[in-house]
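Notes for the one structure printed next.
The values are calculated or read from the model by the stated rules, or taken from the named source; none is laboratory data. Remember, predicted model here, so these are calculated numbers, not experimental data. Ideal geometry is used to build each Cβ from the backbone, glycine not excepted, and the neighbour counts take in all protein chains shown. Quick note on the areas: whole protein, heavy atoms, side chains included, nothing else; ligands and nucleic acids left out. Shrake-Rupley method; radii C 1.70, N 1.55, O 1.52, S 1.80 Å.
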Amino acid sequence: DDAKSLACQWQQLAVSKRLNDGKGYFRGTNSLAVYYAGKKQIDSALYYLQLCMKELDQAWLKPADKIQMQLNGFDFLYSAGRYQEVIQKAKPQLPLLKKSYKDKYSELCELLGSSYEEIKNPDSAYAYYQQAVNSFLEYSAALEQKQNATLPLQLGEERAGSLWGLAALAAQWGDKAAFFQWSEMSKDNNLLHLITMEYQPRHTISLSQAMRQLPADAVGILYTGSNNS
């Protein structure tokens with residue numbers, strides 16, 4: 001079945017190229033990029049992604065979708081374990097994304113955080129994870145103002161990885177206050193995402209606030225679901 005599917009995609013690509021059908025060629029190269037990425041043949045995936053990118057103007061994509069195509073390429077590299085290459089190619093894209101595509105900026109910061117964590121650079125990983133969370137909350141707040149606060153102020157599934165990464169690194173460093181903060185944000189985020197799709201304020205407290213609410217002889221137990229707790 002895979003062979004037949006691949007043959008059909010190649011055939012579609014050849015026909016589109018012969019007919020000078022830029023939109024069809026875009027779809028064909030994009031399909032092949034996704035196919036090879038799924039097979040972990042990253043060089044082939046990147047080759048077809050580059051061909052796909054050349055036809056972006058013919059595909060009638062929105063600017064944000066064009067940016068997403070570039071991010072897909074970084075995802076391909078990450079899945080292949082080419083973390084240094086992700087860092088080298090992705091970091092120059094950050095200024096443009098931060099200025100005009102804050103949600104994509106947040107997504108790329110998380111990928112950089114994960115890449116730095118993989119190459120054992122926890123300080124840089126923590127910094128990018130934190131920027132991923134903060135920038136997505138800023139983006140979410142601005143979006144809610146436009147929607148008259150009908151959307152939930154939450155990170156959803158988008159930055160869950162960053163929150164877990166921050167909590168795990170804080171635990172490794174023995175930073176109890178930071179571990180408590182990120183764990184509370186993660187739990188609050190998960191609950192908001194599961195319970196409601198309407199606007200809700202965040203419900204988190206700091207470790208010092210939690211300790212002040214406990215009697216002097218009380219013991220608090222923090223459940224996070226993390227192996228680092």
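Exceedance of the 32 Å cut-off in Cα-Cα distance is limited, within the set Lys40/Lys98; Lys104/Lys187; Lys40/Lys66; Lys17/Lys99; Lys89/Lys176, to Lys17/Lys99; Lys89/Lys176. The label point for Ser44 and the one for Lys146, both projected 7 Å from the Cα toward the Cβ, are 4.0 nm apart.
Provide Lys176, Lys98 ordered by accessible surface of protein heavy atoms (probe 1.4 Å), highest first. Provide the component values of the computation, followed by the final result.
Details: Lys176 155, Lys98 105 Å².
Listed by decreasing accessible area, they come as Lys176, Lys98.
Largest accessible area first, the residues Arg27, Arg82 order themselves as Arg27, Arg82 under a 1.4 Å probe with ligands, DNA and RNA left out. Annotation: amide H of Ala80 has no partner in the under-5 Å range at sequence separation 5 or more or interchain, hydrogens built in the peptide plane.
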